[in-house]
1. Just to be sure, is ASN244 at positive phi and touching a residue at least 60 places away in the same chain (Cβ under 8 Å)?
2. Pick out, from region 270-389, the strands (runs of 3 or more DSSP E) lying fully within it that include 2 or more residues that are over 30 Å from ALA228 (Cα atoms).
3. If we keep just the residues of region 127-170 that are under 23 Å from the mean Cα position of the chain (by Cα) and free of Cβ contacts under 8 Å to residues at least 24 places away in the same chain, which is surrounded by the most Cβ atoms within 10 Å (Cβ to Cβ)?
4. I'd like the residue in region 231-244 that is of a type in the set (A, V, I, L, M) and assigned to a strand (DSSP E or B) and, out of all such residues, is farthest from ARG434 (Cα to Cα).
5. Can you go through ALA228, ALA223 and tell me which one is assigned to a helix (DSSP H, G or I), buried (at least 20 other Cβ atoms within 10 Å of the Cβ) and among the aliphatic types (A, V, I, L, M)?
6. Of these, GLY285, GLY271, which one is touching a residue at least 12 places away in the same chain (Cβ under 8 Å), more than 20 Å from the chain's Cα centre (by Cα) and either crowded, with 23+ Cβ neighbours inside 10 Å or over 16 Å from ALA311 (Cα atoms) (or both)?
7. Just a yes or no: is a residue in region 282-298 within 22 Å of LEU96 (Cβ to Cβ) and polar (S, T, N, Q)?
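Nothing in this text is a laboratory measurement; each read-out follows from the coordinates by a stated rule. Only a predicted model underlies this, so the values are computations on that prediction, with no experimental measurement involved. All Cβ positions, glycine included, derive from the backbone under ideal geometry; neighbour counts span all protein chains shown.
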Amino acid sequence: MISAALISLLVGAPALAQHDTSEVTPQQPDTATTSHQLPTIPLNQIRAFSEAFEQIRKEYVDEIDEETLLERAIAGMLNSLDPHSTYLKQTDFEELRESTQGEFGGLGIEITADSGFVKVISPMDDTPADKAGVMAGDLIIQLNDTSLQGLSLNEAVEIMRGKAGEPILLTIMREGEAQPLKITVVRDIIKIRSVKYELYPDDIGYVRISQFQENTGDDLNNAIDRLAKKNDAALKGLILDLRNNPGGVLSAAIDVSDTFLEKGLIVYTQGRQEDDTRRQSAKPGDRLNGAPVIVLINGGSASASEIVAGALQDHHRAIILGSTSFGKGSVQSVLPLSNGEAIKLTTARYFTPNGRSIQAQGIEPDIEAAPIKVSKIATSSRWREKDLKGHLENQNGDDEKDQAKKPSKLADAINKDFPLHQALNLLRGMMIIR
């Protein structure tokens, strides 16, 4: 994805609706205002800024135009606040709008600033970065021949942009690797299908949400309907996979949580302004009628994913399985400016129903299940009762074919996806005793 649209996780994405251009007061000649009236800047501070601006414009070793200098001044103010606040030029602003609707150009990764470089929060499913082998936690230190040390996220994004079909070489530091890795990613138009689903044996549904977009709540409900129809019966259990989901639109996280909750608080946000302090509660109706749910998370599950996991965990509606999530507990609002550009600003913190802030801590799973490689011990050579000469026949009349040799999605999962295998086993056990 690598567009400025997704420089950081947008649990502030709903702010696109909360702070549209109609809410922004155009800049006046003597004072600058937004939807919240700001006090006039003291004259001595304006004078100091003006003096510094003029000295840089006149004395800097390379000539730099005034517009660029002002843009960098605004960007510098935002970048000094936190990793998620940033300045959006017009093209960046448009790309952000497109990204929340599920289609944009780029590599297909969610990034943030880290130690002077660019860190991958998570690659998105079936995108160029995902297919090339980029992983959550990778630290991008160089793009083609350009070092990223000291560059802003916007500057890094500018380098990553390009036409579909054009390759870019990423130099990456990865935990456990002694030397930097070189990975070539071919840019493409990214179309994110946020919800995928599959039916497992024993009336178990599996739903994967790769990103929270405007229609994700509706897509989830449609997936549940289709799974039940395919099963010819209501689902007896569901696995909700939020691994490597970097987040997205806050309202979508609320809709997804509401799908499984009958009542109660889902999330609340607290900020300095009145409209940044909100409480969101569930509406009556649990789509699964109380059937057990397991939510899969990992270190690439961030923001909106953590809202869903935290809400279902606090209400004891689901078991959270996997590894500790990313830990982004802040909300970003997109505030348009009068010149057609915008700022993405951290305006609130969010809290789970029990009042937990996951900022820089993450959601701790109820059951730890990290990805591992499993070596299966062969059992086919062992003798069983049916192999003994003269064994008694089974009076039920069933044939004596070895049921263990039948292909099973559950058996396949242990080699391909150990946390999913654990979730399936746990869910089957819960269904037996329910």
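1. Numbers: at positive phi: yes; touching a residue at least 60 places away in the same chain (Cβ under 8 Å): yes.
Against the criterion (at positive phi and touching a residue at least 60 places away in the same chain (Cβ under 8 Å)), ASN244 qualifies.
2. Details: elements: 278-281, 293-297, 319-322, 330-336, 342-351.
Per the criteria, 278-281, 330-336, 342-351.
3. ASP130
4. We begin by selecting, within region 231-244, every residue of a type in the set (A, V, I, L, M); these are 233-235, 238-240, 242.
Subset that is assigned to a strand (DSSP E or B): 238-240.
Numbers: LEU238: 14, ILE239: 16, LEU240: 19 Å.
Among those that are of a type in the set (A, V, I, L, M) and assigned to a strand (DSSP E or B), it is LEU240.
5. Working: ALA228 fails: buried (at least 20 other Cβ atoms within 10 Å of the Cβ).
Among ALA228, ALA223, only ALA223 is assigned to a helix (DSSP H, G or I), buried (at least 20 other Cβ atoms within 10 Å of the Cβ) and among the aliphatic types (A, V, I, L, M).
6. Details: GLY285 fails: either crowded, with 23+ Cβ neighbours inside 10 Å or over 16 Å from ALA311 (Cα atoms) (or both).
The match here is GLY271.
7. Taking region 282-298 as the starting set, the residues that turn out to be within 22 Å of LEU96 (Cβ to Cβ) are none.
No, region 282-298 contains no residue that is within 22 Å of LEU96 (Cβ to Cβ) and polar (S, T, N, Q).
Results for (1) of a type in the set (D, E, K, R); (2) within 19 Å of the chain's Cα centre (by Cα); (3) closer than 24 Å to GLN422 by Cβ; (4) crowded, with 23+ Cβ neighbours inside 10 Å, shown as yes or no for each residue.
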position: ARG279; (1), (2), (3), (4): yes, no, no, no
position: LEU296; (1), (2), (3), (4): no, yes, yes, yes
position: GLY299; (1), (2), (3), (4): no, yes, yes, no
position: HIS316; (1), (2), (3), (4): no, no, yes, no
position: VAL331; (1), (2), (3), (4): no, yes, no, yes
position: LEU335; (1), (2), (3), (4): no, no, no, no
position: GLY355; (1), (2), (3), (4): no, no, no, no
position: ILE363; (1), (2), (3), (4): no, yes, yes, yes
position: ILE367; (1), (2), (3), (4): no, no, yes, no
